[in-house]
Amino acid sequence: MRQILKTTYEKRNDTHHRFVEFKAAFNSTIRSSLYSAMSEFGVQAKLILLCKVTLNNTKSFKRIGKDLSKPFDIEPNFRQGGSSSCDFFNLSLGKIIRAAKCNREGTIFNKSVQLLVYADDIDIIDLDNRADSSVFPRLDKEAK
């Protein structure tokens, strides 16, 4: 982003930025759409099944010495920084961007809109502020 801002400043081009946080939406992701995204991206069925088993109705025990606690449920939410949450988020976001038919090729210097994605945020950068108004509704629609 720093390079984009520096270069557009030097060329005296205005850029408009809209920051979208997907964190809350991601925690409420419908699991079936996540599994279909995995399938669309070519993830093996065996791995998808393993993810389903891991994310649905998981129970755990605590062991203290030789004693086991009563089973307790593991919440199905993704934890930020969790080992698999980044991969699941990238799959979900990739599916949303593809479904919204956003141009993913090139940079802001040869097209009117660029998406920068970092962690759970998207920066929609555009040169004329009209393009942003067409991209955001499509992303929002596909995310729901």
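Cβ-Cβ distances below 7 Å connect the following pairs, each with a first residue in the stretch 39-61 that is within 16 Å of L91 (Cα to Cα), a second residue that is among the polar types (S, T, N, Q), and a separation of six or more residues or different chains: I48/S39. Of all the criteria given as (1) modelled with pLDDT under 80; (2) assigned to a helix (DSSP H, G or I); (3) out of contact with any Asp or Glu (no Cβ under 8 Å at 6 or more places or on another chain), the one not satisfied by K46 is (1).
Output the residue which, of all residues in the stretch 1-42 that are among the basic types (K, R) and in contact with a strand residue (DSSP E or B) (Cβ under 9 Å, 6 or more places away or on another chain), is modelled with the lowest pLDDT. Only one residue fits best here, namely K23.
The set of residues from the stretch 82-101 being part of a loop (DSSP other than H, G, I, E, B), at pLDDT below 75 and not polar (S, T, N, Q) comprises just one member, G82.
The values are calculated or read from the model by the stated rules, or taken from the named source; none is laboratory data. Keep in mind it's a predicted model, so treat the numbers as computed, not measured. Don't worry about glycine lacking a Cβ; one is built from the backbone with ideal geometry, like all the others, and counts go over all protein chains shown.
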